[in-house]
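Below: the structure, in structure tokens.
The values are calculated or read from the model by the stated rules, or taken from the named source; none is laboratory data. Given the structure is predicted, the values throughout are model-derived calculations rather than measurements. Neighbour counts run over all protein chains shown; Cβ positions are idealised from the backbone, glycine included. SASA here: full protein model, heavy atoms, side chains in, ligands and nucleic acids out. Shrake-Rupley method; radii C 1.70, N 1.55, O 1.52, S 1.80 Å.
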Amino acid sequence: MKYELQTIPVWDALRKGSECPICTLMEAAEADSVNFYLGSSVMNPETRVQANTIGFCPHHMDLLAQARKPQSLAVMLRSVVDEQVSRLAKPFAMAASAKPGHSCDKAVSAITDAIASEEKGCLICRRMEARLVRYCYTVAVLWATDEEFRKALESSRGFCLNHFARILQISSEALPARDRVQFVMNMTELETRGLKDVSSDVQWMTQMYKSENEGASWNGCEDAQIRAAYKLIGKARIQNESDK
Ligand SMILES: [Zn+2]
Ligand SMILES: [Zn+2]
């Protein structure tokens, strides 16, 4: 077994009947990760060293800031800010003594390079990626080994496009070649159906705004635009591609 199976959470997410069970799981994974970095882990010196060296992507820093845990975030960020101040000391000093022309250009490049190099990693993206791989792997393994799961999955709404692609990729690690090709075929069929359903739901939604359809039934399409948007991009996406 290449990765630890997550059978119960994957089954629970599938039963929720959303547009993508992996999105359901990743929303929970993101919330858990934000809580983790604002929980007792902030007292762990190792976590704070990681926060200094790896950091958080802008999206996850935003979630940390919005989580209303001022004390925890202050503890976590105190040394991160200090570290930044010392990293930027040299390029800032270059700017402070710059001369017109090339010297000024050099100082600005030094500052922008130092800031850009800081935006590479994210502890929360890494944690989410580790979970994403296990969830996608579990979907493929359960499809091959649990008849009931296969039926439930194949009659579900499929996945968002982002997670659909990841599931197909990771299936190479979960299934032998002969099973994998069947899995890829079945999942593609499922995804085609899921996309067509979303497409006709959005289509019906647009019809509902026409006066001739006043009083007609929404047919469950009240939130079709939201479902369509997230079908395309997925929820709780891992922001930092370099963390994959
Ligand atoms: Zn998804
Ligand atoms: Zn992130």
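Pairs needed: first member in the stretch 216-244, more than 12 Å from ligand 1 (Cβ to nearest atom); second member anywhere, open to solvent by 80 Å² or more (accessible area, probe 1.4 Å) and at pLDDT below 90; C-beta distance under 7 Å; at least 6 residues apart or different chains.
Sorted first by the residue in the stretch 216-244, then by its partner, the pairs are SER242/LYS120.
Every residue in the stretch 34-53 that is closer than 15 Å to SER79 by Cα, of a type outside the set (D, E, K, R) and open to solvent by 30 Å² or more (accessible area, probe 1.4 Å), please.
Once the filter is applied, which keeps residues that are closer than 15 Å to SER79 by Cα, of a type outside the set (D, E, K, R) and open to solvent by 30 Å² or more (accessible area, probe 1.4 Å), the stretch 34-53 yields MET43, ASN44, PRO45, VAL49, GLN50, ASN52, THR53.
With the requirement that a residue be within 11 Å of ligand 1 (Cβ to nearest atom) and either surrounded by 21 or more Cβ atoms within 10 Å (Cβ to Cβ) or aromatic (Phe, Trp, Tyr) (or both), what does the stretch 144-161 give you?
GLY158, PHE159, CYS160, listed by residue number.
Among the residues of the stretch 117-145, what is the count of those that are within 16 Å of ligand 2 (Cβ to nearest atom) and over 25 Å from PHE164 (Cα atoms)? Even if it seems obvious, please write down each step before you answer.
The initial filter retains those residues of the stretch 117-145 that are within 16 Å of ligand 2 (Cβ to nearest atom), namely 118-133.
Subsequent filtering for residues that are over 25 Å from PHE164 (Cα atoms) retains 118-120.
Within the stretch 117-145, residues that are within 16 Å of ligand 2 (Cβ to nearest atom) and over 25 Å from PHE164 (Cα atoms) number 3.
Looking at the stretch 6-26, can you tell me whether even one residue there is touching a Cys at 6+ places or on another chain (Cβ under 6 Å) and either within 16 Å of ligand 1 (Cβ to nearest atom) or of a type in the set (Asp, Glu) (or both)?
Yes, the stretch 6-26 has at least one match.
Could you figure out which of (1) closer than 15 Å to TYR3 by Cα; (2) open to solvent by less than 30 Å² (accessible area, probe 1.4 Å) isn't true of ARG131?
Only one criterion in (1) closer than 15 Å to TYR3 by Cα; (2) open to solvent by less than 30 Å² (accessible area, probe 1.4 Å) is unmet by ARG131, namely (2).
In the stretch 200-233, which residues are touching a Lys or Arg at 6+ places or on another chain (Cβ under 9 Å) and either open to solvent by 70 Å² or more (accessible area, probe 1.4 Å) or closer than 20 Å to GLU27 by Cβ (or both)?
Once the filter is applied, which keeps residues that are touching a Lys or Arg at 6+ places or on another chain (Cβ under 9 Å) and either open to solvent by 70 Å² or more (accessible area, probe 1.4 Å) or closer than 20 Å to GLU27 by Cβ (or both), the stretch 200-233 yields ARG227, LYS231.
On the given criteria, is VAL108 of a type outside the set (Gly, Ala, Ser), more than 16 Å from ligand 2 (Cβ to nearest atom) and open to solvent by less than 70 Å² (accessible area, probe 1.4 Å)?
On the way: of a type outside the set (Gly, Ala, Ser): yes; more than 16 Å from ligand 2 (Cβ to nearest atom): yes; open to solvent by less than 70 Å² (accessible area, probe 1.4 Å): no.
No: the conditions fail for VAL108.
For the stretch 74-102, name all the residues that are of a type in the set (Ser, Thr, Tyr) and surrounded by 13 or more Cβ atoms within 10 Å (Cβ to Cβ).
SER79
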